[in-house]
Amino acid sequence: MKITLSFEKTQTKDTSIMVDALRASTTITLALNNFNEIIPCFTPEEAFELKKEINGIIAGERSGKRVEGFDVGNSPKDVENYDTDIETLILTTSNGTRILKDMDSTVLVGSMVNAKAVGYKSVEIAENEIDVVMAGYKGNFALEDFLAAGEILYWVCGRLNNECEISDYAKAAIMASRDYDALKEGFYNCNSGRKLSRLKSKKDIDCCVLKNISENVAIYENNILKLIKD
């Protein structure tokens with residue numbers, strides 16, 4: 001099995017894992033405790049139009065802030081705990097949802113909170129290659145995505161008993177993720193983490209940095225995110 005790490009665009013047509021650790025990947029993963037499906041939109045305007053058509057709950061952000069008129073922001077716990085009987089979440093974010101539309105592969109969603117689950121599931125479904133794809137921030141490298149990718153890759157390689165062809169970039173991410181105290185410091189002190197703290201959203205970092213608290217694995221098919229079926 002070939003194991004790679006990429007930035008923004010996937011290298012494979014086999015199996016990709018999208019990682020936007022602060023916060024879209026975590027929001028998607030935990031939202032599936034509350035919603036049956038998530039429809040990613042690529043602009044707020046598209047999200048508003050879709051809400052008119054299907055009456056879904058609309059969530060997301062731009063520059064870290066909830067879009068005016070949205071039901072809820074991109075806070076994973078707020079979305080997970082949103083009180084509603086509606087089963088569809090419409091989500092638009094600055095980075096994570098943006099890169100989904102260009103992925104021509106089987107796409108899973110990974111984060112710290114489901115790193116083991118998504119790593120194991122990717123091994124089950126991949127034919128010969130798994131590419132972990134970091135969303136970054138507005139075209140720039142994001143430390144938190146690198147660290148979360150390392151945690152996911154650790155479980156991928158463990159599931160394969162380290163019998164895989166892995167890129168040095170992916171190896172570096174695994175090494176960087178092994179000291180959990182340092183990883184947490186990275187989440188809080190990275191550019192995105194400091195921005196969320198300034199926006200009074202430190203609770204979201206507290207959630208996003210937790211390891212393996214969810215077995216949910218989202219798969220992106222036909223422009224919809226749903227729990228992958230066993």
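Assuming charge only on the beta carbon of Lys and Arg (+1) and of Asp and Glu (-1), the dipole of segment 64-214 about its Cα centre is about 740 debye to the nearest 20. Among 117, 24, 182, the residue with the largest mean-square fluctuation in a Gaussian network model of the chain, with springs joining Cα atoms closer than 10 Å, is 182. Specify the angular offset, from 0 to 90 degrees and rounded to the nearest 10, of the alpha carbon long axis of helix 143-159 from the longest principal axis of the alpha carbons in the chain. Approximately 50 degrees, to the nearest 10. Residues whose amide H comes within less than 5 Å of that of residue 91, counting only those at least five positions distant or on another chain, are 39, 41, 59 (H built at 1.01 Å from N in the peptide plane). About its Cα centre, the dipole of segment 28-92 is roughly 240 debye, where the only charges are +1 on Lys and Arg Cβ and -1 on Asp and Glu Cβ. The residue list 191, 149, 93 was ranked by how far each Cα lies along the charge dipole of the chain toward its positive end, using unit charges on Cβ atoms, and 191 comes out on top. Within the accessible surface of the chain, defined with a 1.4 Å probe on protein heavy atoms only, the carbon and sulfur portion equals 44 percent. Taking each residue as 0.36 nm, the span from residue 163 to residue 195 lengthens on full extension beyond its C-alpha to C-alpha distance by 7.6 nm.
Between residue 125 and residue 34, what is 0.36 nm times their sequence separation minus the Cα-Cα distance? Round to one decimal in nm.
Roughly 30.2 nm would be gained on extension.
Here the Karplus relation 6.51 cos²θ - 1.76 cosθ + 1.60, evaluated at θ = phi - 60°, turns the backbone of segment 25-39 into coupling constants of 4, 5, 4, 4, 4, 7, 4, 6, 7, 10, 10, 7, 8, 10, 10 Hz, with x for every Gly and Pro. Bridgeable lysines around residue 65 (alpha carbons under 24 Å apart, same-chain partners fewer than 8 residues away excluded): 51, 52, 77, 101, 138, 184, 195, 200, 202, 203. Relative to the current alpha-carbon distance between residue 185 and residue 11, full extension at 0.36 nm per residue lengthens the span by 59.7 nm. In straight-distance terms, cross-link reach from residue 171 covers every one of the lysines whose alpha-carbon lies under 16 Å from its own, apart from those fewer than eight places away in the same chain; here that gives 2. With a cut-off of 13 Å between beta carbons, the residues surrounding residue 184 carry a summed charge of -3, where Lys and Arg count +1 and Asp and Glu -1. The residues of segment 28-92 expose on average 47 square angstrom of accessible surface per residue, using a 1.4 Å probe on protein heavy atoms. Candidates 48, 58, 10 compared by Cα position along the dipole of segment 1-74: farthest toward the positive end lies 10, with charges placed on Cβ. For the chain, relative contact order (Cα pairs under 8 Å, six or more residues apart, normalised by length) works out to 33 percent. R0 = 35 Å: FRET efficiency of residue 46 with residue 2, Cβ-based, nearest 0.05? That pair, residue 46 with residue 2, gives E of 0.50.
Considering only 216, 81, 161, the Gaussian network model of the chain with Cα springs below 10 Å gives its largest mean-square fluctuation to 161. Straight-line cross-link partners of residue 9 among the aspartates and glutamates, defined as a Cα under 12 Å from its Cα and at least 8 positions apart when in the same chain: 102, 104, 131. Does anyone have the angle between helix 180-189 and the longest principal axis of the chain? Alpha-carbon axes, 0 to 90°, nearest 10? Rounded to the nearest ten degrees, it is 40.
Spread over its residues, the convex hull of the C-alpha atoms of the chain is 107 Å³ per residue. Dividing the helix sum by the residues of the chain, where each DSSP H run of 4 or more adds -39500 (n - 2.57), gives a mean residue ellipticity at 222 nm of -11500 deg cm²/dmol.
One-quarter of the Cα convex hull surface for segment 28-92, in nm²?
Mean shadow area of the hull around the Cα atoms is 3.8 nm².
Cβ-Cβ distance of residue 101 and residue 141, R₀ of 22 Å, FRET efficiency by 1/(1 + (r/R0)^6): the value works out to about 0.60.
The values are calculated or read from the model by the stated rules, or taken from the named source; none is laboratory data. Keep in mind that this is a model prediction, so the values were computed, not measured. When we count neighbours, we look across all protein chains shown, and the Cβ atoms used for this are built from the backbone with ideal geometry, even at glycine. We work out accessible area using only protein heavy atoms, side chains counted, and drop any ligands, DNA or RNA first. Shrake-Rupley method; radii C 1.70, N 1.55, O 1.52, S 1.80 Å.
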